[in-house]
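Visitor: Attaching a single structure in structure tokens format; questions to follow.
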Amino acid sequence: MTIVEPVTTKTKNQQKSLRIAKLVPLLVVTAGAIIVVVLTYTLPPFRNYQLATIGAYLCVTAGLTVLTGLNGQLSLGHGALMATGAYTLAIWQNKFDLLLPGIVLAVLVTTVAGAVIGLAAARLRGPYLAGLTLAVAVVVPSITSTFDRTFNSDQGLSVALEPPPGTIPVEQWQAWICWAGALLTVLVLAYLVGGRFGRDLRAVRDDETAAKLAGVGVARTQIMAFVVSAACAGLSGALFAVLSQSVSPGAFPLSLSLFLVMAIVIGGLGRLTGALIGAVLLVVLPSAAQSIAEKAGSQHLEGNLALTFFGVVLVLVMLAAPGGLASWKARRKLPTQKG
Amino acid sequence: MDRFLYLTFDGLSRGAVYSAFALALVLIWRAARIVNFAQGAMAVATAYAGYSVADATGSYWLGFVVAITGGLVLGAVVERVVMRFVDRSSPLNGVVVALGLVLIIQGVLGMIYGNEYRPAPAPFSRDAFEIGGVALLSRYDLFVFAAVGAVVVLLTLLFTRTSTGLRMRAAAFAPDVSRLLGVPVGGMLTLGWALAAAVGSLAGMLVVPTELGLHPNAMDLLFISAFTAAVLGGLDSPVGAVAGGLLVGLLLAYVGGYLGATVAPMAVLILLVVVLLGRPDGLFGKAKARTA
Amino acid sequence: MTDLLEVDGLTAGYGAAPVLHDVALTVGAGRIVAVLGANGAGKTTLLRTLSGLLPATSGRVTFDGVDLRGVQVERMVRHGIAHVPEGRGVVTELTVAENLRLGSLWRKRKPGSKATDLDEIYDLFPALAGRKNHLGHQLSGGERQMLAIGRALAAKPRLLLLDEPSLGLAPKITAQIMGLLRDLRDRTGLAVLLVEQNVRGALSVADEGIVLNLGRVAARERADKLAADTDLRHAYLGF
């Protein structure tokens, strides 16, 4: 049984290092912001676009790694949540063209959707949860066909956007927006995860019964985890809508949700740095696959080579780790007694 | 009333396919305690193989046999080469590995065949013929009923009357004890996967002519519907899988017929939520200890 | 009489710490050998190592001259060893008839041989004959024990490894089972390695007794001598 961390009075030195430790996420994020800004001035436009895409992915991978890595809930439906955010932004922009309120609205709407799914998901475990979220991923895109007056079915919607201020190139502007969102997400998550919420998440993941006995509200924690990760997915989707200036069901297929899972597993489950690695993989691997496909001159290879490669890496990674998913979780546990 | 009857038979025909696919999922669940999330992709792969052979040789039936045989082989290979090595400490490991397989299979199929919808014609007419003045069933529907019925009968006979079936059941219920009695538990597991995949391939071949065409993602919705059916019936219950499949088929037919075809997937999702929250063990499922 | 089972220097365990240390014993054909000892002495581990469920770290196990090291669990039945595990292992989702048939199935693999005629088993256990189609979980504890033994006998073993058959059973049924073992030994020459907490019952039918203590053989003696040795009983068996 895991033991709840005891409350002890800390020495002055310990208090000081705690205060410094609490600043680390802020420092990292600030450093990250500086690095991104510098990069955007030095990189060519296409690379800036890729950088922006990494930022957009980082929002959702960060949220998903908290949900799946720290809380143990496997969601196969986060692509659909991204679609929710993206479509909300698109519809808003086409009416009002105010980007920041639009993004906020997209996050709010997706948070509500996440709460709904989370309420159902909190009672499910393992393959049942996976099946439910898989169904969400497969079914939700078809809503665009059912309500085709609003969503315009398969053709999707274009997203109205103001051009960037001054003489800033579009791609640079996109990178700034996406990374503003990504760094904010990482900062918020780092603080959430470093505190009581993070402990509760891990406690519920490792041993539900023990967590309950220690006073952790299991269902509440799981729903909150879903809600938080949904908010991140909504932000990510909105940012993708900004990046591609259009939304369509084809942009959020089932394979997107599977890619997200792959990204956080390979990157390192449960760690925010792992989320970053996953986001980079999600951009770099398809790009590499595309150059191979172009050299081979085959149209069929495009996209599908990336799919196959992702799948192979995922299977190999899962089989190679002796403990499966568990060995990829970074855990700080008090020594436990095996009964 | 005519429409209702027509939809009922249409629903039963689809439902039969869901029943078969759900049986495949239940078989593997009972044998290995894994939900085979790759079952849809595996069925698509064998359907592609089947239709390629059919196109090349002009014989649908040869393609049909190839697809089912391919399922046997693919199921055995997946179990031996991949699933056997999955760490059993968490059920999520099997799910994630299966998803990796889905990516691989869909990617490879896309590379070989492309992502356009390929025509997949049915071996029998899909026009409904009249019974008592009402257009109810097509010859294809009869074929579906016959095929699924045959599968159910054969599987029942296998499991209840044959030594192999007894070995398979024992290996699933009590692997250690079965080993002590000389049952090759590993081999029985492989056989279970092979049979399940073959049934899944059969279901896939039956469903493809009713869809827009063959496509790497063509069976995603079939998987969801069959998963819902299996959960509705109880993951442990083959009888439940058949009943669940028929119920889901009927539901989709009525919803699609009266509310519009695009609403049908939503109905599956809602049904799944209702079952998972209301009666997670399903209609026929019971959790109980396996040896004493 | 040659020894059917010869064990020498057997060491085995779960993980880092071994449970059995350097165990040596023999079981002759047509002999009942009782394995006694306190809880945790390694009795169950011994049987599991012999049937292959647990790999041995060192030592030699020979059955009828054949080296059993490395033989897979599934093949033990072919050599003539049947193990009735702790807890009986009756498959509750199968019927009595199916459980019994399961025991006899391995013989079908030889071309031209039929599965053991299960009537012999029903003759031995009339209580089971009346409940052929009942599921395993519908049986009482005593009936399950009989089913487990009957199933093992259906495999036509020459050596029966029997783990605590009297556990949870009324004395009358225990006596029945012990009597049955004696009969089988006398009639068919069946050898039995019998792990038991019920010392009196075991020693009443056994030819020899082995006492395990903390994974080592503390004593190896004829059954009647063991039963009479009060010091030994006090030291290792708790009474």
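The values are calculated or read from the model by the stated rules, or taken from the named source; none is laboratory data. In this text, all values refer to a predicted model and were calculated from it rather than measured experimentally. All Cβ positions, even for glycine, are placed from backbone atoms using ideal geometry, and neighbour counts span all protein chains on display.
Visitor: Among the listed residues B:N115, B:N93, which satisfies the condition of being more than 20 Å from the chain's Cα centre (by Cα), surrounded by 20 or more Cβ atoms within 10 Å (Cβ to Cβ) and polar (S, T, N, Q)?
Guide: Result: B:N93 is the single residue among B:N115, B:N93 that is more than 20 Å from the chain's Cα centre (by Cα), surrounded by 20 or more Cβ atoms within 10 Å (Cβ to Cβ) and polar (S, T, N, Q).
Visitor: Let me ask something additional. Which one of these does A:C59 not meet: (1) crowded, with 24+ Cβ neighbours inside 10 Å; (2) within 28 Å of B:V274 (Cβ to Cβ)?
Guide: That leaves (2) as the condition not met.
Visitor: Just the residues that are more than 13 Å from the chain's Cα centre (by Cα) and small (G, A, S), please, taken from region B:188-223.
Guide: B:G192, B:G213, B:A218
Visitor: Right, next: Here is a list of conditions, (1) touching an Asp or Glu at 6+ places or on another chain (Cβ under 8 Å); (2) surrounded by fewer than 22 Cβ atoms within 10 Å (Cβ to Cβ), and C:V91 meets all of them except one; can you say which number that is?
Guide: Among (1) touching an Asp or Glu at 6+ places or on another chain (Cβ under 8 Å); (2) surrounded by fewer than 22 Cβ atoms within 10 Å (Cβ to Cβ), the lone unmet condition for C:V91 is (2).
Visitor: Scan region C:213-226 and tell me whether some residue there is within 24 Å of C:H79 (Cα to Cα) and surrounded by fewer than 23 Cβ atoms within 10 Å (Cβ to Cβ).
Guide: No: zero hits.
Visitor: I've got another one for you. Just give me the residues in region A:178-222 being surrounded by 15 or more Cβ atoms within 10 Å (Cβ to Cβ) and outside any helix (DSSP H, G or I), in sequence order.
Guide: A:D207, A:A214, A:V216
Visitor: Quick check on B:L92: is it without any contact (Cβ under 8 Å) to a residue 60 or more places away in the chain, more than 9 Å from chain A (Cβ to nearest Cβ) and not aromatic (F, W, Y)?
Guide: In short, no.
Yes or no, residue by residue, for (1) at pLDDT 95 or above; (2) more than 20 Å from A:L189 (Cβ to Cβ); (3) of a type outside the set (S, T, Y):
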{"residue": "A:T68", "(1), (2), (3)": "no, no, no"}
{"residue": "A:N94", "(1), (2), (3)": "no, yes, yes"}
{"residue": "A:V112", "(1), (2), (3)": "yes, no, yes"}
{"residue": "A:P141", "(1), (2), (3)": "no, yes, yes"}
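Visitor: Condition first: out of contact with any Phe, Trp or Tyr (no Cβ under 9 Å at 6 or more places or on another chain) and away from chain B (no Cβ under 11 Å). Now tell me which residues in region C:39-49 satisfy that.
Guide: Passing the criteria: C:N39, C:G40, C:G42, C:K43, C:T44, C:L46, C:T49.
Visitor: Do the conditions hold for A:G274, that is, is it touching a Pro at 6+ places or on another chain (Cβ under 8 Å) and not β-branched (V, I, T)?
Guide: For A:G274, the condition - touching a Pro at 6+ places or on another chain (Cβ under 8 Å) and not β-branched (V, I, T) - is not met.
Visitor: Something else: Just to be sure, is B:R179 part of a helix (DSSP H, G or I), within 14 Å of another protein chain (Cβ to nearest Cβ) and within 22 Å of B:A241 (Cα to Cα)?
Guide: No: the conditions fail for B:R179.
Visitor: Applying the selection to region A:250-284, what residues are in a helix (DSSP H, G or I), within 14 Å of chain B (Cβ to nearest Cβ), within 26 Å of A:N94 (Cα to Cα) and at pLDDT 90 or above?
Guide: Selection gives A:L256 alone.
Visitor: Can you find a residue in region C:19-36 that is in a helix (DSSP H, G or I) and not aromatic (F, W, Y)?
Guide: Scanning region C:19-36 turns up no residue that is in a helix (DSSP H, G or I) and not aromatic (F, W, Y).
Visitor: Still on this structure, I have one more. Find the residue count for region A:134-148, including only residues that are at the interface with chain B (Cβ under 7 Å from one of its Cβ atoms) and either touching an Asp or Glu at 6+ places or on another chain (Cβ under 9 Å) or among the small types (G, A, S) (or both).
Guide: 5
Visitor: Among the listed residues B:L142, B:L74, B:L137, identify the single one that is in a helix (DSSP H, G or I), surrounded by 19 or more Cβ atoms within 10 Å (Cβ to Cβ) and not polar (S, T, N, Q).
Guide: Among B:L142, B:L74, B:L137, only B:L74 is in a helix (DSSP H, G or I), surrounded by 19 or more Cβ atoms within 10 Å (Cβ to Cβ) and not polar (S, T, N, Q).
Visitor: Consider B:A171 against the criteria (1) under 26 Å from B:R14 (Cβ atoms); (2) surrounded by 14 or more Cβ atoms within 10 Å (Cβ to Cβ); (3) more than 14 Å from chain A (Cβ to nearest Cβ): it satisfies all of them except one. Which criterion is unmet?
Guide: It is condition (1) that B:A171 fails.
Visitor: Give the residue, chosen from C:T57, C:T44, that is of a type in the set (S, T, N, Q) and in contact with an Asp or Glu (Cβ under 7 Å, 6 or more places away or on another chain).
Guide: C:T44
Visitor: Which residue out of A:Q73, A:Q172, A:Q155 is more than 20 Å from the chain's Cα centre (by Cα) and over 20 Å from B:P265 (Cα atoms)?
Guide: None of the other options fit; the residue is A:Q172.
Visitor: Any residue that is surrounded by fewer than 24 Cβ atoms within 10 Å (Cβ to Cβ) and either assigned to a helix (DSSP H, G or I) or among the acidic types (D, E) (or both) - is there at least one of those in region A:81-93?
Guide: The answer is yes; a qualifying residue exists.
Visitor: Among the residues of region B:181-188, are any small (G, A, S), closer than 19 Å to B:T69 by Cα and surrounded by fewer than 19 Cβ atoms within 10 Å (Cβ to Cβ)?
Guide: Within region B:181-188, one or more residues are small (G, A, S), closer than 19 Å to B:T69 by Cα and surrounded by fewer than 19 Cβ atoms within 10 Å (Cβ to Cβ).
Visitor: Another question about this same structure. Enumerate the helices (runs of 4 or more DSSP H) found wholly within region B:205-292, keeping only those where 2 or more residues are of a type in the set (A, V, I, L, M) and under 20 Å from A:P253 (Cβ atoms).
Guide: B:220-233, B:264-278
Visitor: Of all residues in region B:259-292, count the ones that are touching a Lys or Arg at 6+ places or on another chain (Cβ under 9 Å) and either closer than 18 Å to A:Y128 by Cα or modelled with pLDDT of 90 or more (or both).
Guide: Total meeting the criteria: 4.
Visitor: Would it be correct to say that B:L99 is surrounded by 23 or more Cβ atoms within 10 Å (Cβ to Cβ) and touching a Phe, Trp or Tyr at 6+ places or on another chain (Cβ under 7 Å)?
Guide: It is true that B:L99 is surrounded by 23 or more Cβ atoms within 10 Å (Cβ to Cβ) and touching a Phe, Trp or Tyr at 6+ places or on another chain (Cβ under 7 Å).
Visitor: Being more than 30 Å from A:L124 (Cβ to Cβ), without any contact (Cβ under 8 Å) to a residue 60 or more places away in the chain, out of contact with any helix residue (DSSP H, G or I) (no Cβ under 6 Å at 6 or more places or on another chain) and among the β-branched types (V, I, T) narrows it down to one residue among B:V73, B:V65, B:V82; which is it?
Guide: The conditions single out B:V65.
Visitor: Sticking with this structure for a sec: Taking the conditions exactly as written (acidic (D, E) and in contact (Cβ under 8 Å) with a residue 24 or more places away in the chain), does C:E93 satisfy them or not?
Guide: Against the criterion (acidic (D, E) and in contact (Cβ under 8 Å) with a residue 24 or more places away in the chain), C:E93 qualifies.
Visitor: Here's another thing I want to ask about it. Could we say that C:T57 is more than 25 Å from C:M178 (Cβ to Cβ) and in a strand (DSSP E or B) here?
Guide: Spelling it out, C:T57 is indeed more than 25 Å from C:M178 (Cβ to Cβ) and in a strand (DSSP E or B).
Visitor: Can you give me the number of residues within region B:16-41 that are more than 11 Å from the chain's Cα centre (by Cα), of a type outside the set (A, V, I, L, M, F, W, C) and part of a helix (DSSP H, G or I)?
Guide: Going through region B:16-41 one residue at a time, the tally reaches 1.
Visitor: For region A:111-153, what are the residues that are of a type in the set (S, T, N, Q) and either outside any helix (DSSP H, G or I) or over 19 Å from A:Q245 (Cα atoms) (or both)?
Guide: A:T111, A:T133, A:S142, A:S145, A:T146, A:N152
Visitor: Just to be sure, is B:S125 in a loop (DSSP other than H, G, I, E, B), within 7 Å of chain A (Cβ to nearest Cβ) and of a type in the set (G, A, S)?
Guide: Judged against the criteria, B:S125 is not a match.
Visitor: Next question, about the same structure. Looking only at region C:62-117, count how many residues are away from every other protein chain (no Cβ under 12 Å), in contact with a strand residue (DSSP E or B) (Cβ under 7 Å, 6 or more places away or on another chain) and either at pLDDT below 85 or part of a loop (DSSP other than H, G, I, E, B) (or both).
Guide: 3
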